[in-house]
1. Could you tell me which of the pairs K117/K300; K191/K289; K47/K85; K47/K270; K103/K302; K191/K299 are separated by over 18 angstrom between their Cα atoms in the structure shown?
2. Using a 1.4 Å probe and counting only protein heavy atoms, arrange E113, E120, E217 so the residue with the most accessible area comes first.
3. Considering only the other residues whose Cβ falls under 15 Å of the Cβ of K191, what net charge follows from Lys and Arg at +1 and Asp and Glu at -1?
4. If you stretched the chain out fully between E272 and M205, how much longer would it get, using 0.36 nm times the residue separation minus the C-alpha to C-alpha distance?
5. Just to confirm a number: summing +1 for Lys and Arg and -1 for Asp and Glu over residues other than I240 whose beta-carbon lies under 10 angstrom from that of I240, what do you get?
6. Calculate the dipole size of the chain relative to its Cα centre from +1 charges on Lys and Arg beta carbons and -1 charges on Asp and Glu beta carbons; express the result in debye to the nearest 20.
7. Convert each backbone phi in the stretch 53-61 into a coupling constant with the Karplus relation 6.51 cos²θ - 1.76 cosθ + 1.60 (shift: θ = phi - 60°), then list the ³J(HN,Hα) values in order as whole Hz, x for Gly and Pro.
8. If the viscosity is 1.567 mPa s and the temperature 4 °C, what Stokes-Einstein diffusion coefficient in µm²/s follows for the chain when Rh is the Kirkwood radius over Cα pairs?
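The values are calculated or read from the model by the stated rules, or taken from the named source; none is laboratory data. What you are looking at is a predicted structure, and each value in this text was computed from that prediction instead of being measured. FYI the Cβ positions are ideal-geometry reconstructions off the backbone, even for glycines, and counts take in every protein chain you see. These accessible areas exclude ligands, DNA and RNA; they are computed on the full protein's heavy atoms, side chains included. Shrake-Rupley method; radii C 1.70, N 1.55, O 1.52, S 1.80 Å.
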Amino acid sequence: MALRAVLRNKRTLSGLFSQLSINTNHGRVCASTVLATHQRNNSTSSKISVNLDQSTGVAVMHMQSPPVNSLSLDFLTEFCISLEKLEMDKSCHGLIITSSVPKVFSAGLDILEMYGKSPERCGEFWKAVQEMWLKLYSSNMVTVAAINGSSPAGGCLMSLTCDCRIMVDNPRYSIGLNETQLGIVAPFWFKDTMVNTVGHRHAEMGLALGVLYSPTEALKIGLVDQIVPEDKLMTTAEQIMAKWLAIPAHARQITKSMMRKPTIDKLTSKREADVQNFVSFITQDAIQKSLRTYLEMLKKRKA
Ligand code: CO8
């Protein structure tokens, strides 16, 4: 009946839903809660800084762990705690992830967490990597990666979990799942996330060859959605965010879940086995040797 009245008034269904979702979200918080939430979610830990703008409902997360924002166990723990806080904050609808470290978005998993460590520690580390992926890939928030530097391997994975990726158009920056170049293999859920983004053929070639794409190449295969000059990155991210947030929230969230749930369920149902696989793989002598060679190569390249 109410709906008919709305249609009679020539208002669209999506307009109605849009209004409902906005009202619902805003209706959940009173002014004092907003203030408390505002204080709670403008946080700076040693590796992550989060700034939530209450007027837009958009949080900007800066990764600030020099030299390369590598994903160590400590980093991942802080990252997941920040994410959880935002997810539970009903006044936060969108998240932009970017880096405070010049020229690097994230160098991916911290190789030192995988080299010379006990099986127990490797297992703990891997659970944290899974947690980051699960939280981001299933987030109810709109997530945008504002990629302002190189983003290999786990850094690429992190951005692939977002709803949208914008990268600075600088040919010195690269992005991709380059695991094979380290002599290691991207796990099935890394692969699935890549396939879901760029399709099977591009994923197959990119993964097998461990390709690190320039921004232009990444745009061409759909690994990123837009490339922009450095000084336009954040304004573009905000514009894209506004476009996504204009969609009725529940419809967008259900659609996201529909698209991603099979991939998420696959890991959730095999989580423990995946940890065991990782630990037995990464602790093999041959793999440890490959990692040592790669670390030496990184050092030599620097010298
Ligand atoms: N982990 C730990 N340390 C790192 C990493 C890393 N991923 N990347 C760089 N570093 C270190 C360097 O060794 C160097 O250390 P130091 O100062 O002690 O010599 C320091 O960070 C600075 O590095 P650079 O001088 O190279 O910094 P640049 O700004 O010149 O370059 C790059 C930045 C482009 C990010 C460059 O450092 C780079 O290419 N790094 C390697 C990135 C990489 O290959 N990451 C892959 C990690 S593996 C992963 O994410 C998924 C693994 C899945 C495992 C599955 C197994 C089953």
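1. K117/K300; K191/K289; K47/K270; K191/K299
2. Correct descending sequence by accessible area is E120, E217, E113.
3. Residues near K191 contribute 0 overall.
4. On the way: separation 67, 0.36 × 67 = 24.12 nm, distance 2.87 nm.
Gain in length upon complete extension: 21.3 nm.
5. Numbers: positive: R165, K243; negative: D163, D225, E238.
Summing Lys/Arg as +1 and Asp/Glu as -1 gives -1.
6. Values: 34 positive and 26 negative charges, 154 e Å.
Value, rounded to 20: 740 debye.
7. Those phi angles translate into 8, 5, 6, 10, x, 10, 9, 10, 9 Hz.
8. Reported coefficient: 64 µm²/s.
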